[in-house]
Amino acid sequence: MEVELALLALGVLALLVLAPRVGLLARYRMWRGRRERECIEDALKHLLNREHQGRYASPESLSGALSLSRAQTVQLIERMEARGLLKSQEEQLRLTEEGREWAVNVVRAHRLLERYLADEARMPLEQVHEEAQRLEHALTPEQVNALEAELGYPQRDPHGDPIPSRGGHLAREQSMPLTDLPLNTPARVVHIEDEPALAYQQVLAAGLKPGQVIEVVERTPQAITISGGVSTCRLAPAIAANVSVVPSASPQRVQAIPLSRLPLHQEATIVALDAALQGLTRRRLLDLGLTPGATIRAEMQTPFGNPRAYRVRGTLIALRNSQADAVLVAPRLQQ
């Protein structure tokens, strides 16, 4: 009897360990496979990022980016070379065409996820990068394409970075740090670096966002004073260096304000929707009639001031202040 029980126990143990797909060994192999893929994709993203900076990655830079030991980094490079994803030459790591294609697809998934998390999931901007980093490895190319269509084919992520096309094209835009912008020169914010997190939070708290037209009106060794049209802010140079801009041909001097700040019972003309607003949220506002040139009036609000009701094109609509913040309007003079 004891022998039979021992054999039964051994059989159950073997089933738990060796069963296809659900056994411990199968699950361990699946976990190892996911970890291997995540490590390779993070390495590919690092190499692609260095290429866009005009330089090549090295074993040292890869080790630092992925928090790997020298031995682990060497093993990873060897595996990626064997798969035809990179070439190593004189301490320079270069993507192959196959590696670059894979890297761009990972970047595409990451930036579309950031767009979804910011616009649809309403996740705070300082959290979207880390969450997208966690989710990007699990999406298939078909799921990435479906997400893009669901979001309305957005062009940029919440930080201002271009989203690669389905064909793998990743646009490049020549920009400069805000710290290099000459005084009183209109420029458009095209990118806000989300790392380190503390610096990113300070930029967000200052009210800067991609698509915004700004000017540097004063510069001292301690602070840079920035005008955004209707407001000004000050940033330490080390923080301002995380904001990238391109000179703007149109200063956009129209004194527009967010719709949420329009006084009750006052009319205004819709100037534009915030350039950072993308995807389904932008489409919903356009479908409601919030198009440039339309007349809008603040009709009423709840006792707490949120949401508010507006009349546009003969229809009364309710908007949360977070939605109305993305609608820029020019108040009309009261008669």
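The values are calculated or read from the model by the stated rules, or taken from the named source; none is laboratory data. Being a predicted model, the structure only gives us computed values, none of them experimental. Quick reminder, even Gly has a Cβ in these numbers, built from the backbone with ideal geometry, and neighbours come from all protein chains shown.
Does P251 count as in a loop (DSSP other than H, G, I, E, B), surrounded by fewer than 16 Cβ atoms within 10 Å (Cβ to Cβ) and at pLDDT 85 or above? Full working, then the answer.
Values: in a loop (DSSP other than H, G, I, E, B): yes; surrounded by fewer than 16 Cβ atoms within 10 Å (Cβ to Cβ): yes; at pLDDT 85 or above: no.
Spelling it out, it is not the case that P251 is in a loop (DSSP other than H, G, I, E, B), surrounded by fewer than 16 Cβ atoms within 10 Å (Cβ to Cβ) and at pLDDT 85 or above.
Among the numbered conditions (1) out of contact with any Lys or Arg (no Cβ under 6 Å at 6 or more places or on another chain); (2) at pLDDT below 90; (3) surrounded by fewer than 22 Cβ atoms within 10 Å (Cβ to Cβ), tell me where A146 comes up short.
The failed condition is (2).
All but one of (1) touching a residue at least 40 places away in the same chain (Cβ under 8 Å); (2) assigned to a strand (DSSP E or B); (3) not aromatic (F, W, Y) hold for E215; state the number of the condition that does not hold.
Answer for E215: the failing condition is (1).
This table checks each residue for (1) closer than 21 Å to I239 by Cβ; (2) hydrophobic (A, V, I, L, M, F, W, C); (3) out of contact with any helix residue (DSSP H, G or I) (no Cβ under 9 Å at 6 or more places or on another chain).
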residue: L147; (1), (2), (3): no, yes, no
residue: P164; (1), (2), (3): no, no, no
residue: L170; (1), (2), (3): no, yes, no
residue: R188; (1), (2), (3): yes, no, yes
residue: V216; (1), (2), (3): yes, yes, no
residue: T225; (1), (2), (3): yes, no, yes
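Can you name the residue in segment 35-78 that is basic (K, R) and surrounded by 12 or more Cβ atoms within 10 Å (Cβ to Cβ) and is also nearest to A138 (Cα to Cα) among such residues?
Taking segment 35-78 and keeping what is basic (K, R), we get 35, 37, 45, 50, 55, 70.
Keeping just the survivors that are surrounded by 12 or more Cβ atoms within 10 Å (Cβ to Cβ) gives 37, 45, 50.
Values: R37: 10, K45: 15, R50: 24 Å.
The qualifying residue nearest to A138 (Cα to Cα) is R37.
Please work out which residue is nearest to E38 (Cα to Cα), limiting yourself to segment 79-97 and to residues that are at pLDDT 90 or above and exposed (fewer than 11 other Cβ atoms within 10 Å of the Cβ).
Looking at the filtered set, the residue picked out is A82.
Would you check if A132 is crowded, with 20+ Cβ neighbours inside 10 Å, modelled with pLDDT of 90 or more, part of a helix (DSSP H, G or I) and of a type outside the set (V, I, T)? Reasoning before the result, please.
Numbers: crowded, with 20+ Cβ neighbours inside 10 Å: yes; modelled with pLDDT of 90 or more: yes; part of a helix (DSSP H, G or I): yes; of a type outside the set (V, I, T): yes.
Spelling it out, A132 is indeed crowded, with 20+ Cβ neighbours inside 10 Å, modelled with pLDDT of 90 or more, part of a helix (DSSP H, G or I) and of a type outside the set (V, I, T).
Failed condition for T315, given (1) within 20 Å of D157 (Cα to Cα); (2) hydroxyl-bearing (S, T, Y); (3) at pLDDT 85 or above, with all others met?
Of (1) within 20 Å of D157 (Cα to Cα); (2) hydroxyl-bearing (S, T, Y); (3) at pLDDT 85 or above, only one is false for T315: (1).
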